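The block underneath contains the structure these notes are about, expressed in structure tokens.
Throughout, read-outs are computed from the coordinates displayed, never taken from laboratory work. Here the structure is a predicted model, which means the values were calculated and not measured. When we count neighbours, we look across all protein chains shown, and the Cβ atoms used for this are built from the backbone with ideal geometry, even at glycine.
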Amino acid sequence: MPENASNNAVVFESENGIGTIQLNRPEVHNAVNQSVIEALETTLDKVAADDAVRALIITGAGSTTFCAGGDLQYFATLDTREKGLEMSRRMQVLLDRLWSGSKPVVAAINGQALGGGCEILTACHFRIAASTAGFAYRQAQNGLITGWGGGARLFHLVGRTWALRLLLTGDQIDTAQALSIGLIDDVAKPGEVHAAALALAKRISRHSPGVIAAILELARLHYDCDSSIAIERETELFGDRWTSDEFRDAINDFQINHSAKAQETKKSQKEVKDV
């Protein structure tokens, strides 16, 4: 049976040795806020302590979005460099637990992966996307850079040129292009992504936990040469951008638009009642 992890923001289900973490905020495109962070921390504690869970899948609720990154309403409450860095480091720890853990993690990318959503998928060992999915690093247009360690991982994953192109332009790419540059490693039909991820996780989990853990450690040794230094520098730069005028302006614009939409909704509801 599915379990709500601390709150409804994340749902965890485990069956036949395969755990599935579902980001469960479809009304805001599964954006990450405080509740999501806390729920992920709780869920990963459970996964780490449960030897019956041999592999992990992470996906998003609904059919349109895997994860739209950080929730700007939540970000608006983090109004100092220190608060921004605290959130950044908590997410870094979470994503590092996915990548550095002893259990393989498969991203079942059911829809759009934007901003921090792309950072989450790059922390997974395997990435299977719906053929209708799209990918974009939107941090720069909000006056930010990657802050969850995903920038450093992206350079390792797709190489310098494509990483720079994605980070600097904010352009959205489709699954065909994402597959060709190595951002994802497989494509499935819409509605069949989780099944494809489950099939892969089952094939992997047939091997002994010791063998799986050893192979994942080899992967980390290959990757981790100087990545800790790169991520630490990335964090400091992220902190600098957190208090920048551009990011503050982006937050203010979001709040103004959100407030205007809320007022329009209330007005429409009132007009309907009056009728």
Item to check | Modelled FRET efficiency - R0 35 Å, Ala49 with Arg233, Cβ distances, 0.05 increments | outcome: 0.60
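Assuming R0 = 41 Å, can you tell me the calculated FRET efficiency for the pair Ala76 and Tyr223, based on Cβ-Cβ distance, to the nearest 0.05? Don't jump to the answer; show the numbers that get you there.
Numbers: r = 34 Å, r/R0 = 0.83.
With a Förster radius of 41 Å, E is 0.75.
Largest first and in whole Å, give the semi-axes of the range 98-186's equivalent ellipsoid, each being the square root of 5 times a Cα gyration tensor eigenvalue.
Numbers: eigenvalues 68, 47, 28 Å².
Value: 18, 15, 12 Å, ordered largest first.
Report relative contact order for the chain in percent, whole number only (criteria: Cα-Cα under 8 Å, sequence separation at least 6).
Details: 493 pairs, mean separation 51.4, N = 275.
Value for the chain: 19 percent.
So for the range 41-165, what percent of the C-alpha to C-alpha distances run longer than 20 Å?
Working: 3554 of 7750 pairs.
Considering the range 41-165, 46 percent of its Cα-Cα pairs are separated by more than 20 Å.
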Checklist entry - Taking θ as phi - 60°, what are the ³J(HN,Hα) couplings along the range 40-52 by the Karplus curve (6.51, -1.76, 1.60), each to the nearest whole Hz, with x for Gly and Pro? => result 5, 4, 5, 5, 5, 4, 5, 4, 5, 8, 9, 5, 6
Checklist outcome for this item: Note on the range 3-243, DSSP bridge orientation, antiparallel percent to nearest 5 equals 30
Checklist outcome for this item: Ratio for the range 118-157, C-alpha Rg to 2.2 N^0.38 Å, reads 1.23
Item to check | Which of Ser88, Val106, Ile204, positive extreme of dipole for the range 3-243 (C-beta unit charges) | outcome: Ile204
Item to check | Rounded tilt (10° steps) of 160-169 against the dominant C-alpha axis of the chain | outcome: 20
Item to check | Most mobile of Ala55, Ala250, Ala152 in a GNM of the chain (Cα contacts under 10 Å) | outcome: Ala250
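So what is the relative contact order for the range 146-230, in percent, with contacts set as C-alpha pairs under 8 Å and at least six apart? Present the calculation step by step, with values, prior to reporting the outcome.
Working: 25 pairs, mean separation 20.4, N = 85.
Relative contact order, the range 146-230: 24 percent.
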Checklist outcome for this item: With +1 on the Cβ of every Lys and Arg and -1 on the Cβ of every Asp and Glu, the dipole magnitude of the chain about its Cα centre, in debye rounded to the nearest 20, is 460
Checklist outcome for this item: So the compactness index of the chain, its C-alpha Rg divided by 2.2 N^0.38 Å, takes the value 1.02
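For the pair Glu13 and Ser208, what calculated FRET efficiency results from E = 1/(1 + (r/R0)^6), where r is the Cβ-Cβ distance and R0 = 30 Å, to the nearest 0.05? Each step should come with its number before you reach the end.
Details: r = 24 Å, r/R0 = 0.80.
Efficiency computed from Cβ-Cβ geometry: 0.80.
For the range 117-275, divide the Cα radius of gyration by the Kirkwood radius and give the resulting Rg/Rh value with two decimals.
1.10
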Next on the checklist: Which one, Val193, Val36, Val28, has the greatest fluctuation when you compute a Gaussian network model over the chain with C-alpha springs under 10 angstrom?
Outcome noted: Val28
